[in-house]
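To start, the structure under review is shown below, and the notes come after it.
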Amino acid sequence: MNENTPSQFSWTSIIVIVIGTFMAILNNSIVNVALPKIMLIFNCGQDSIQWVLTAYTMTLGVVMPISGYLGDTFGSKRIYSVALALFTLGSIISGLSWGVNSLVAARIIQAIGGGLMQPVGMAFVYRVTPREKIGMVMGVYGIAAMAAPAIGPTFGGYLVEYISWRLIFYVNVPIGIINLFLAGLLLKESPLLKGKHFDWVGFFSSATGLFCLLLATSQGSQYGWTSTYILGLLIVAATTLTIFVYNEMNHPEPLLDLRIFKDAMFTISVIVGSVLNIGLFGAVFLLPLFIQNVMGQTAMQSGILLLPAALATAIIMPVAGKIFDRYGARGVVMTGLIICAFTTFKMVSFTELTAFSVMIGWTMLRGVGMGLSMITVTTAGMLKIPMEKISRASALGNVIRQCAGSLGVALFSAILHNRQAFHYANLVQNSNLGSTAAAGFWAWLSQTAVYQGWSTLQSQYVGLALAAKQMAKLSLVNAIDDCFLVAAGITLFGAVLGVFLGPRPFRKTAPDKMITPLKLEA
């Protein structure tokens, strides 16, 4: 009989899971930096190269729902190892890719591995960790989730600029092989739940629904949210996800057990976590855009500027876990979200003249808020989930957070696009060509025209182009500020919801009441 109890806890096994999670998240952030270079090498357009990212996101949405079933049926260790092997194989093929189509195919293989690794790894951590230590352990686990997106642009920018873009994939190979060996050596297999039947209706309806939903959110800004294509995707998503919910509520062995939402703490944590993902991750993509397009920095410099914030998050996460273990989630999460809301609001004042030290200071403080709230709210929701449902709860939570993050990016992309157009039209309408500043500009331009030998018509064209460029930049700054303001409001709403999180931590005496008997396979 293979028993898996919290007594099997060891930091070495947790580190194995952390490394795998770090690899999966790092790879997705590191690829973003390389896309312009890959476009040039493969001679492809924006529409084609976008599928390198979109295919990965779509595959995650399809694979994550089945991770709970696979972990329960075949064992968490076995599925984690298979997922790690697939991710490493996909990295090898990505590095060897000879065109954009082969790269997209390789990224799908990567996503199958990454989509299984994250929920299965998280379920493994919950299963082996004593509940009185879960906050601290999840704080360490969360370091991978926060450090990887920050290190990715800096590390990837260096590799792409000075060595080769293929190394952003090859770097995963030795780490993956070593981690695969360590997983086989250090991880203990989880109990196998016998007699489970695969929920085919749930799989096809969730796969179709999540695929269409994530595709619509990723391409909504490109094609227009009211276009026939996007509306068609949303209608299909709504229809199939409705079928999915009905099936899951009536199926004896559902793919994603929606009955877990009867646990009030899990439900509140998912809601708060989703709001957090929308407000925080939706705004995260705005900072590199601001630093590069407004302040004129490179992608690598942008990564360096954002690195201190990620380090602050990584440092504070284990501390937040220790506080959670002692005092519970409510105070930690609410404090973190209030800090995030306040610092995001302060980011509204960023301009192209803002000192780097000021920007780093506010983003680092924001990183502290993220470190206090992110993993803590997820951990709080899993505390009272029975052990035999841990895998399904982890899969369910990861799917919803993935969708929330994609929704956040889509929401802020739409806000950015609409507000930039609004501010540009407003600037053009209110521009005063007879003002003192305008007179000084035209005088400077006249002197430049004489020096360059331009005709009057040429100087006018140059002047209008420069004015339009400046107004475009100002409208972008104003639009990003509007997004930061919305993000601050959403985050503050999450802080209010945090009131409903339990104030007391999990006690040592509770596991006996919590863990229900399992039907184990010898």
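Any read-out appearing in this document is the output of simple, stated calculations on the displayed coordinates, not a laboratory observation. Source: prediction; values computed, not measured. Cβ sites come from the backbone with ideal geometry, for glycine too, and all protein chains shown count toward neighbours.
Taking the Cβ of each residue in Glu132, Glu189 as the centre, tally the other Cβ atoms inside 10 Å and list the residues starting with the fewest. Neighbour counts put them in this order, fewest first: Glu189, Glu132.
Can you check what the Kirkwood hydrodynamic radius comes to for the stretch 72-125, Cα pairs only, in Å to one decimal?
Values: mean 1/r = 0.0879 Å⁻¹.
Taking the inverse mean of 1/r over all distinct Cα pairs, the stretch 72-125 comes out at 11.4 Å.
Inter-label distance, Glu352 to Thr242: 4.9 nm, where each label sits 7 Å from its Cα along the C-beta direction. Footprinting exposure proxy ranking of Val104, Val120, fewest other C-beta atoms within 10 angstrom first, gives Val104, Val120.
Considering Cα pairs under 8 angstrom that are at least six residues apart, work out the relative contact order of the stretch 10-159 and quote it in whole percent.
Details: 164 pairs, mean separation 62.4, N = 150.
Normalised by residue count, the contact order of the stretch 10-159 is 42 percent.
Averaging Cα coordinates gives a centre for the stretch 122-196 and one for the stretch 201-256; these two points are 29 Å apart.
According to the calculation over all Cα-Cα pairs in the stretch 267-421, the P(r) per 10 Å bin from zero is 11, 35, 35, 15, 4, 0 %.
Over every Cα atom in the stretch 276-356, the radius of gyration and the widest Cα-Cα span, Dmax, amount to 14.9, 46 Å. In the stretch 176-233, the ratio of gyration radius to Kirkwood radius, Rg to Rh, stands at 1.29 when only Cα atoms are counted.
Starting with the highest mean, order 154-164, 63-73 by the number of other Cβ atoms within 10 Å, averaged over the residues of each peptide. Mind showing how you got there, number by number?
Numbers: 154-164: 17.6, 63-73: 25.6.
Packing proxy ranking, top to bottom: 63-73, 154-164.
Going through the cross-link list Lys188/Lys262; Lys37/Lys473; Lys188/Lys389; Lys133/Lys384; Lys262/Lys322; Lys133/Lys188, which pairs have a Cα-Cα distance over 21 Å in this structure?
Cα-Cα > 21 Å for Lys188/Lys262; Lys37/Lys473; Lys262/Lys322; rest within.
May I ask for the distance between the Cα centers of the stretch 45-66 and the stretch 21-39, given as a whole number of Å? Spelled out, the Cα-based centre of one part sits 13 Å from the other.
Counting other beta carbons within 10 Å of each residue's own, what order do Ser94, Ser475 fall into, fewest first?
Values: Ser94 24, Ser475 20.
Placing the least packed residue first, the sequence is Ser475, Ser94.
Each label point was placed 7 Å from the Cα along the Cα-to-Cβ direction; for Ile315 and Leu96 their separation is 4.3 nm. Cα-based values for the stretch 331-403, radius of gyration first and Dmax second, are 16.6, 55 Å. When only Cα pairs below 8 angstrom with a gap of at least 6 residues are kept, the stretch 267-395 shows a relative contact order of 36 percent. Put a dot 7 Å past the Cα of Thr267, heading toward its Cβ, do the same for Ser227, and the two dots end up 3.8 nm apart. Using only the Cα atoms of the stretch 210-357, build the gyration tensor, take square roots of its eigenvalues as a ≥ b ≥ c, and label the shape rounded, prolate or oblate: rounded if a/c is under 1.5, else prolate if a/b is larger than b/c, else oblate. The shape class here is oblate.
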